[in-house]
Amino acid sequence: MISLIKFLHMLCIFGIIGIVSGRLFLAQRRFAELDHIAGRLDWTLIALLVFGGITGSLMVLPKGYQFTTPWIMAAFIFVGLAIILAAFALKTNKKPSKWLSNIAYGMLLVIIVSIIHDAVTRQTFLPLH
Ligand code: HEM
C-alpha cells in the first residue's frame, strides 16, 4: 500500500515539474496565442500540490518519520508557499499583469527544486532544527 502511495506521490511530482517548466516556457512572447492555457495549468498545479501534500503526509508515519522532522516541516512550509504563489499566478495571468505571474512561476521553480532537494537528501537548509 505504501509503495502505491509513493508511486502516486511521484506521479504528482512529475506533473508538478512538467507544469512549472511548461508554464515558464509559455512565458515567452512568441507563445502569446497560448495564453488561455495558463489558467488551466495554474488550477492543475494547485490540485497536484494539494494531492502531493496529501500523499506525502500519508507516508510520514509509516516510513518512520515524524511531523516534527525538519525536512518534513520544510515540505509543508514550501508546499503552502507554492499553493499561495500558484493562486497568485492564477489571479495575475491576464494582461497587463502577466509579468507578475511569470515572476511567481520563477519563484515556484526555486521552491520545487528546494522540496525535491530536501526529500532526496532528507535534510533542509531552513533553520528548523
Ligand atoms: C506536505 C508535503 C509533502 C510531504 C509531507 C512529503 C513527504 C514525503 C515522504 C514522507 C517521502 C518518502 C521518503 C522515503 O521514501 O523515505 C517523500 C518522498 C519524496 N517527495 Fe515528498 N512530500 C511532500 C511534498 C512533496 C513535493 C511537493 C515534492 C516535489 C515537488 C516532493 C518530492 C519528493 C521526492 C522527489 C521524493 C522521493 C525522495 C526519495 O525517495 O529519495 N514531495 N515525500
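The values are calculated or read from the model by the stated rules, or taken from the named source; none is laboratory data. Keep in mind the model is a prediction, meaning the values are calculated, not measured. All Cβ positions, glycine included, derive from the backbone under ideal geometry; neighbour counts span all protein chains shown.
Does any residue of the stretch 58-70 turn out to be at positive phi and either free of Cβ contacts under 8 Å to residues at least 60 places away in the same chain or under 12 Å from the mean Cα position of the chain (by Cα) (or both)? Yes, the stretch 58-70 has at least one match. Against the test of being among the small types (Gly, Ala, Ser) and exposed (fewer than 14 other Cβ atoms within 10 Å of the Cβ), the options 97, 114 yield a single qualifying residue, 97. Within the stretch 3-14, residues that are closer than 11 Å to residue 59 by Cβ reach partners that are near the ligand (Cβ under 9 Å from one of its atoms) and not in a helix (DSSP H, G or I) with beta carbons closer than 9 Å, at six or more positions or on different chains, in the pairs 5/62; 6/63.
Remark: residue 42 falls outside the filter, which requires a residue to be charged (D, E, K, R), in contact (Cβ under 8 Å) with a residue 24 or more places away in the chain and in contact with a Ser or Thr (Cβ under 6 Å, 6 or more places away or on another chain). Residue-level check: of (1) within 9 Å of the ligand (Cβ to nearest atom); (2) modelled with pLDDT under 95; (3) buried (at least 16 other Cβ atoms within 10 Å of the Cβ), residue 13 misses just (2).
Say whether the condition of being closer than 18 Å to residue 23 by Cα, basic (Lys, Arg) and touching a residue at least 24 places away in the same chain (Cβ under 8 Å) is met by at least one residue in the stretch 96-113. Reasoning before the result, please.
The first filter runs over the stretch 96-113 and keeps only residues closer than 18 Å to residue 23 by Cα, leaving 96-113.
Keeping just the survivors that are basic (Lys, Arg) gives 98.
Restricting the remaining residues to those that are touching a residue at least 24 places away in the same chain (Cβ under 8 Å) gives 98.
Taking every residue of the stretch 96-113 in turn, at least one turns out to be closer than 18 Å to residue 23 by Cα, basic (Lys, Arg) and touching a residue at least 24 places away in the same chain (Cβ under 8 Å).
Just the residues that are under 15 Å from residue 115 (Cα atoms) and of a type in the set (A, V, I, L, M), please, taken from the stretch 61-84. Walk me through it before giving the result.
Going residue by residue through the stretch 61-84, those that are under 15 Å from residue 115 (Cα atoms) are 69-83.
72, 73, 74, 75, 77, 79, 81, 82, 83 - these are the residues of the stretch 61-84 that are under 15 Å from residue 115 (Cα atoms) and of a type in the set (A, V, I, L, M).
The residue that is surrounded by the most Cβ atoms within 10 Å (Cβ to Cβ), among those in the stretch 16-33 that are without any contact (Cβ under 8 Å) to a residue 12 or more places away in the chain and closer than 19 Å to residue 45 by Cα, is 18.
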